[in-house]
Structure formats: structure tokens, C-alpha cells
Amino acid sequence: MTFKSGFVAILGRPNVGKSTFLNYVMGQKIAIMSDKAQTTRNKIMGIYTTETEQIVFIDTPGIHKPKTALGDFMVESAYSTLREVDTVLFMVPADELRGKGDDMIIERLKSAKVPVILVVNKIDKVHPDQLLEQIDDFRKQMDFKEIVPISATQGNNVNRLMEILKENLDEGFQYFPADQITDHPERFLVSEMIREKVLHLTREEIPHSVAVVIDSMKRDEETDKIHIRATIMVERDSQKGIVIGKGGAMLKKIGSMARRDIELMLGDKVFLETWVKVKKNWRDKKLDLADFGYNQKEY
Ligand SMILES: Nc1nc2c(ncn2[C@@H]2O[C@H](COP(=O)(O)OP(=O)(O)OP(=O)(O)O)[C@@H](O)[C@H]2O)c(=O)[nH]1
Ligand SMILES: [Mg+2]
């Protein structure tokens, strides 16, 4: 039997459910998710492999009007996938009307010369009539190869979308071993899981200002646990106060929730030590961006 494979990018505005979809398909958390916009900051591969096919999904940062060097990096890394993939999934939410942000992306997609599948996500949030109107509106904007409504949280119609993707695969290599699910090292996933808890537990001003760096990660022979030291970077002293919380309560909560996720991912006991540091305006400094893992990488 011939083997089929292909690269598929997931593109769209922030918060539409791109990472939620990827995690649903992969059956585990590779990309962190939150109800705050601009959660994903790096391209993340989710490698889906069966006996007969391999689909390499690339989850991308939500496309927005960038206001910082980090924002520039995020948007650029999302658009860069257009040169790297065989198919694009353009994701829009069923419950929000098409806006300037969508139009901007559509313009780029039109000139990209890659087949684009429109994925209307969050159908659990709307009445079917509203869904039809949404589809009708987008259909007029460009020529989509297919239009597929789904719910990434509930899994509705995700199988159908997977079938369509499989039907459209070309004969090709198995690019990655069958047991590899992502291109990112464990350290990156660990830092992301900590960042996810900061996003969940802190107020609106923190999420965009935070980066997490893993200082060390090794097995402690005495306790037989993985000992992880992580630093949470923020931009201001006041933010440091919020992340640490009264008597350290917030940091403790972040640590224990993150530890649970990390243990699940690693399948091992973990001792997690977290520190908070202030690094002023790191989002605007190219050098700091690279230090914190935000540097361009091609696939
Ligand atoms: N009701 C509903 N909510 C969803 C669905 N898919 C995603 N969400 C929610 O939408 C929010 C954003 O999800 P993410 O997966 O982080 O969105 P994203 O597109 O990756 O966002 P960025 O990384 O910021 O670009 C989360 O609160 C999800 O739980 C869905 O099908 N239905
Ligand atoms: Mg995301």
C-alpha cells in the first residue's frame, strides 16, 4: 500500500480555537489553550500518524495587528507557514461576524496559492441559521476548497474534516517516526504548561507580559523525581507582585497546577521550583526574544 503524507497549517485570528483543535486531533495537550487572545506564540507541530498516512499539523499564533517585536515575530511565524504547507485550514469562529482581521488574512491567503479549507469552529455556540449565514458570508470572500463546520471542544464533525484532509493527501514520505507527536523538546512543553497556568490564574494585564524559561531539568536520584527549575519573566515589579500573590499563594497555585500537567505529560513524578523575575520591556528586545525561545525557525 502506498503511504500518503502532507503538511497542514492552522491559521486564523487569535482565540478562534486553533490549538484546541490540534489538541483534540492529537488526543493530548501539545499546544496550550486559554480564553485570552494571543496564547500561542510559536509554531507548534502536531504529528498525526496512522498505518497509511501522516499529517503534520502546524498550529500558529493568532494573526493580529502587532504592537511589539514579539507580536511581529508571532504574526510573521504564522504567515511563514504559507510557504511550507500543502493545505491551509483557515479557522473562524461561528459566533463572531467576519471582521477586518479576517479580511486581512483572506487577502494573504488569496495570493498564497495553497488550497484553503475554511473551518468554522465553535458551532456549539450558535443556532444553525446563524452558522449558515456565516458560511454564506465567507463563501463570497474567496474560493475555498471545502467549508467544514466543527466544534473543537466537543469534537463535532472533526472526523469529517480529518477525512477530507486524508482524501487530499498526496503520496509521500513518513517524515517523522510514528511515535513522535511534536517537534518541540520537552523543556519547551514544560515551560508552556507553566505559562498556561499563569494565563488561567492571573488578570488581563499579565498574559502578554509573561515568558517562562526552564533553567534546569534533571532527575534527582535521591527522590527519583524530575527536578525542574523555572523562571517566570514579567515586565514590571507590580506584575511580579501579582504572580507571586499574597504570601506566595498565587505562585504556589501556578506551580501545583502546572506540576500536575507536567507529570501527566512526562509520566513521571515532578518537583517543580518556580521563580519570578522582572525583565523590563522584554517583548520589544530582539535579544531577549531569542533568549526566551522566540526565534524564527523554518520547517
Ligand atoms: N464553545 C467553544 N469554545 C471553544 C471551541 N474551540 C475553542 N474554544 C475556546 O476558545 C478559546 C480559545 O481557544 P484556543 O485554542 O486557545 O484558541 P487559539 O486560536 O489557539 O488562540 P491563539 O493561540 O491566541 O491564537 C478557549 O477558551 C477554548 O476553550 C469550540 O468548539 N466551542
Ligand atoms: Mg493557540
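The values are calculated or read from the model by the stated rules, or taken from the named source; none is laboratory data. Values in this document were obtained by computation on a predicted structure and should not be read as measured data. We place every Cβ from the backbone using ideal geometry, glycine too, and count neighbours over all the protein chains shown.
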Give me a count of the residues in segment 30-41 that are crowded, with 19+ Cβ neighbours inside 10 Å and either over 24 Å from Ala290 (Cβ atoms) or more than 10 Å from ligand 1 (Cβ to nearest atom) (or both). 2
Pairs please, first residue from segment 83-108 and over 14 Å from Val120 (Cβ atoms), second anywhere and of a type in the set (S, T, N, Q) and within 16 Å of ligand 1 (Cβ to nearest atom), Cβ atoms under 9 Å, 6+ apart in sequence or on different chains. Val88/Thr81
Give me the pairs: first residue in segment 230-249 and farther than 16 Å from Leu201 by Cα, second residue at pLDDT 95 or above and part of a helix (DSSP H, G or I), beta-carbon distance under 7 Å, and six or more apart or on different chains, which are they? Ala230/Ser191; Ala230/Ile194
The condition from (1) within 12 Å of ligand 1 (Cβ to nearest atom); (2) buried (at least 21 other Cβ atoms within 10 Å of the Cβ) that Val88 misses is numbered (1)
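Conditions tested, residue by residue: (1) within 15 Å of ligand 2 (Cβ to nearest atom); (2) within 28 Å of Thr202 (Cβ to Cβ).
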site	(1), (2)
Gly6	no, no
Val16	yes, yes
Ser34	yes, yes
Thr49	no, no
Gln54	no, no
Ile58	yes, no
Ala69	no, yes
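Does segment 172-183 contain any residue that is within 16 Å of ligand 1 (Cβ to nearest atom) and buried (at least 18 other Cβ atoms within 10 Å of the Cβ)? Walk me through it before giving the result.
Looking only at segment 172-183, we keep the residues that are within 16 Å of ligand 1 (Cβ to nearest atom), and these are 182.
Narrowing further to those that are buried (at least 18 other Cβ atoms within 10 Å of the Cβ): 182.
The answer is yes; a qualifying residue exists.
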Just checking, how many residues over segment 196-214 are in contact (Cβ under 8 Å) with a residue 60 or more places away in the chain and among the charged types (D, E, K, R)? 3
Go through the residues of segment 159-174 one by one and say whether even a single one is modelled with pLDDT under 95 and either of a type in the set (Lys, Arg) or within 28 Å of Lys246 (Cα to Cα) (or both). no
